[in-house]
Amino acid sequence: MDKYSDKFLNNANILKKAKVGFEFEFYLKDLSFYKTLELINQELSPVKVWGFRQYHSDFTPDDKNFKIEPDLSGGSNMVELVTGPLNFYDAKYYLIKIVKFIQNYGYTNEKASIHFNISFTDKDLNDLNTLKLILNIDEDEIFRAYP
């Protein structure tokens, strides 16, 4: 019988094809938004972090350009750092760097969260489990979008 760790190690090559993006919600500790932006740019270089003072800006992050902006879901002092799609190994690297940054210069509580977005570009939509999609769909969301 294989141990869980053996199974993971043997199947880890599947993740080579994954694209991973993150959304980190956290609160600013003692620093201003602009000082936080300056420090995070130093920490994540060569990636450039762009700061916006508006909620849900139109800027689309990529693997070389992230964004940080207010996240009003947690109050006036919460920000959200959004990465672009990264390959799996780069995503692991930036996950560790950003979590350490938040530990040093920010804080979290029950209102803060991290969102993982994972996609596999080698998958075909014909592989989609339509029954699972139908059972998990939010009909109210569809009716709001298409009244």
Practice prompt. Could you tell me which of the pairs 29/111; 64/111; 16/92 are separated by over 18 angstrom between their Cα atoms in the structure shown?
Written response: 64/111
Worksheet item: Which value in nm describes the separation of the simple spin-label points at residue 116 and residue 89, placed 7 Å from the Cα toward the beta carbon?
Response: 1.9 nm
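Report, in listed order, any pair from 48/132; 97/132; 17/132 with a Cα-Cα distance greater than 29 Å. Don't skip to the end; give the middle numbers.
Details: 48/132 38 Å; 97/132 35 Å; 17/132 23 Å.
Violating the 29 Å Cα-Cα cut-off are 48/132; 97/132.
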Discussion item. Probe radius 1.4 Å, ligands and nucleic acids left out: which of 99, 47 has the largest accessible area, and how do the rest follow?
Written reply: 99, 47
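Shape verdict for segment 27-72, please, from the Cα gyration tensor: rounded (a/c under 1.5), prolate (a/b greater than b/c) or oblate.
On the way: a/c = 2.54, a/b = 1.07, b/c = 2.38.
Note, shape of segment 27-72 comes out oblate.
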Worksheet item: Roughly how many nanometres apart are two label points built 7 Å out from the Cα toward the Cβ at residue 17 and residue 48?
Response: 3.3 nm
Discussion item. Which one, 73, 61, 47, is farthest towards the positive end of the dipole of segment 47-92 when Lys and Arg carry +1 and Asp and Glu -1 on their Cβ?
Written reply: 47
Discussion item. Apply the Karplus curve 6.51 cos²θ - 1.76 cosθ + 1.60, θ = phi - 60°, to the phi angles in segment 50-61 and return the couplings in whole Hz, x for Gly and Pro.
Written reply: 9, x, 10, 9, 10, 6, 6, 5, 7, 5, 9, x
Discussion item. Taking P(r) over Cα pairs in 10 Å bins from 0, in percent straight from the coordinates, which label in (i) 11, 37, 28, 19, 5, 0; (ii) 11, 40, 33, 9, 5, 2, 0; (iii) 10, 31, 30, 21, 7, 0 is the correct one?
Written reply: (iii)
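In debye, nearest 20: dipole of the chain around its Cα centre with unit charges on the Cβ of K, R (+) and D, E (-)?
Details: 18 positive and 22 negative charges, 112 e Å.
Using only the charged Cβ atoms, the result is roughly 540 debye.
The values are calculated or read from the model by the stated rules, or taken from the named source; none is laboratory data. Please read these numbers as outputs of a predicted model, since none were measured by experiment. No Cβ is skipped: glycine too gets one built from the backbone with ideal geometry, and neighbour counts run over all protein chains shown. For accessibility, only protein heavy atoms count, side chains too; no ligands or nucleic acids. Shrake-Rupley method; radii C 1.70, N 1.55, O 1.52, S 1.80 Å.
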